[in-house]
1. Extent of the chain along each principal axis, from alpha carbon coordinates, in Å, largest to smallest?
2. So what's the back-of-envelope 222 nm ellipticity for the chain, counting only DSSP H runs of four-plus at -39500 (n - 2.57) apiece and dividing by all residues, rounded to 500?
3. Relative to the first principal axis of the alpha-carbon coordinates of the chain, what is the inclination of helix 164-186, with its axis defined by its Cα atoms, in degrees from 0 to 90 and to the nearest 10?
4. Order the peptides 172-182, 73-83, 120-130 from the highest to the lowest mean number of other Cβ atoms within 10 Å of their residues.
5. What is the pair-distance distribution P(r) of the range 1-112, computed from all Cα-Cα distances in 10 Å bins starting at 0, with each bin given as a whole percent?
6. Give, to the nearest whole percent, the P(r) tail of the range 29-86 beyond 14 angstrom, counting all Cα pairs.
7. How far, in degrees from 0 to 90, does helix 100-123 lean away from the longest principal axis of the Cα atoms of the chain, to the nearest 10?
8. Got a sec? How would 207, 39 order by Cβ neighbour count within 10 Å, fewest to most?
């Protein structure tokens, strides 16, 4: 056993020959320094990880806000376009201006004109048809002004150029057209009632006859038509009448 220890000591001395004894205190200082640096790096790693998490959250919020902003911009553009349309200010250069209210009125007015022209052509023997007036370039378009197309001349002119009798049948046609559109809006089977006050005295015999034919056709089609007039030809042509006579004792009404 003693020989074994002696051999071990000799072997260890052989391993230590030529080697310098290290300063343990210096090594401990290096170890302490490296440990401190490691701690610092770990703290920095945690800080960077926290900053990365925060930045990712900020990026997600930013992307969400960008998406919302794009949607809001698109909605704002739609709203602006709609406002320009409603206000009658088209985006296209040179486009005719028409307000939303007049657009709706024009839509129904065209239906009234179409129905009125069916009556007007009959009462004018195919001569006249009502048309909407084309506005000059750049004008604010209303779409509610009327002209008349004359088949005899092939020209379109102002409705103010019509004679008294012609103006009456044009007005009568418009009234009939308006009543027809209103009647259609309340139901195809709904009866309509129309009262016409005077104007027949301005018509010549031929035009008066055609006007009476039109009114008679309306009456036959489940439409009640009342005419207020002093024209003798109407009194003779209309079977059912409410006659008002002025007497010294006052006005008297009787049904005939």
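1. 167, 42, 35
2. It comes out at -20500 deg cm²/dmol, rounded to the nearest 500.
3. Relative to the chain, helix 164-186 is tipped by roughly 50 degrees.
4. Numbers: 172-182: 20.3, 73-83: 10.5, 120-130: 18.7.
Highest-to-lowest ranking by the protection proxy: 172-182, 120-130, 73-83.
5. 10, 13, 12, 10, 9, 8, 8, 7, 6, 5, 5, 4, 2, 0
6. On the way: 1219 of 1653 pairs.
Beyond 14 Å sits 74 percent of the P(r) for the range 29-86.
7. 30
8. Fewest-to-most Cβ neighbours within 10 Å comes out as 39, 207.
Read-outs: derived from the displayed coordinates by stated rules, not from any lab. What you see is a predicted model; the values in this text were computed from it and never measured. Glycine also receives a Cβ, built like all others from the backbone with ideal geometry; neighbour counts cover every protein chain displayed.
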